[in-house]
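Structure record follows, encoded as structure tokens.
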Amino acid sequence: MYCKNCGKEMNEYGICTNCGWRYSAVQTRQIPKRKNTLPIVYIIVVGLITILLLISNWGNGLSAETIGLEAKGGSIWYLLYGIVMYAPAYFLLQRKKLRWCALFLLVGAAIYIGTFYLTNQDYVNQLFDTLDTQTSSSDDVWGQIYNAIQSEADKDYQEEVLMQEIIADCLRAAYTAFIFATAVPSIVLSAAILFTVDKKVYTALLIVSCILALFLTSINSVMLLFMGLSIRKDYDLLLLERKQKN
């Protein structure tokens with residue numbers, strides 16, 4: 001069956017995914033319900049991920065204490081992350097406003113990055129500072145005198161100190177870059193939800209998003225996978241929403 005307005009082929013429910021026109025004969029016919037398997041699996045996965053993040057945060061706190069370093073607790077932020085990522089389940093189950101899933105993906109990515117900074121940044125900085133000061137000068141007068149004598153006696157000492165500082169700075173930069181890179185999978189999937197007009201392109205971006213998540217935030221890759229698959233199953237409805245908005 002083809003749309004009388006634009007001539008595009010209509011979906012199985014008599015709805016044109018190009019312009020949104022409905023065939024009058026199906027307007028009164030009840031559309032068969034689609035299975036909720038993927039959205040339900042998504043809900044379960046988000047719950048498991050939230051629990052694992054809380055356990056990991058608790059373990060990191062204990063590890064920091066055992067070596068005399070401080071790590072700020074971030075359980076409340078991980079809970080907030082879980083709540084934000086639960087929100088798309090409503091749209092997936094109701095099969096409406098699927099575009100809103102992209103918004104929650106981006107908000108969740110921002111919370112994830114912020115939580116890492118709150119829970120791990122001080123801990124990591126203390127580790128890097130320890131690396132810096134292993135061979136660097138102290139701030140007291142005797143330490144300055146010692147380092148002055150040492151630097152005159154042994155030029156290799158200065159090179160070693162400089163190398164330690166460069167290594168520490170590189171590690172800090174790499175750590176920061178990695179933390180921000182964890183948002184890339186969510187950005188890719190959000191772009192697929194908001195801008196693709198072809199199911200094959202959407203599928204390709206979903207695969208890219210999951211592969212990136214596997215390497216950057218492996219714990220979140222399954223969550224992105226099932227959200228993406230659920231939206232892919234209702235991709236015709238997603239396209240219809242865009243046409244109706246325009």
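The values are calculated or read from the model by the stated rules, or taken from the named source; none is laboratory data. Quantities reported herein were computed from a predicted structural model and do not represent experimental measurements. Ideal geometry is used to build each Cβ from the backbone, glycine not excepted, and the neighbour counts take in all protein chains shown.
General observations
- Test for Ala110: is it in a helix (DSSP H, G or I), at negative phi, surrounded by fewer than 19 Cβ atoms within 10 Å (Cβ to Cβ) and at pLDDT 85 or above: yes
- Meets criteria (modelled with pLDDT under 60 and surrounded by fewer than 17 Cβ atoms within 10 Å (Cβ to Cβ)) for Gly73: yes
- Reported count of residues in segment 209-221, each being under 16 Å from Ala109 (Cβ atoms) and of a type in the set (Val, Ile, Thr), is 2.
- Condition broken by Thr196, with the remaining ones in (1) closer than 20 Å to Val45 by Cβ; (2) among the polar types (S, T, N, Q); (3) touching a helix residue (DSSP H, G or I) at 6+ places or on another chain (Cβ under 9 Å) satisfied: (1)
- Looking across Tyr175, Tyr235, one residue alone is touching a Lys or Arg at 6+ places or on another chain (Cβ under 6 Å) and over 19 Å from Ile43 (Cβ atoms). It is Tyr235.
- Those residues of segment 181-208 which are more than 18 Å from Ile111 (Cα to Cα), polar (S, T, N, Q) and assigned to a helix (DSSP H, G or I), in sequence order: Thr203
- Being under 22 Å from Leu105 (Cβ atoms), modelled with pLDDT under 85 and among the acidic types (Asp, Glu) is a property that holds for Glu241.
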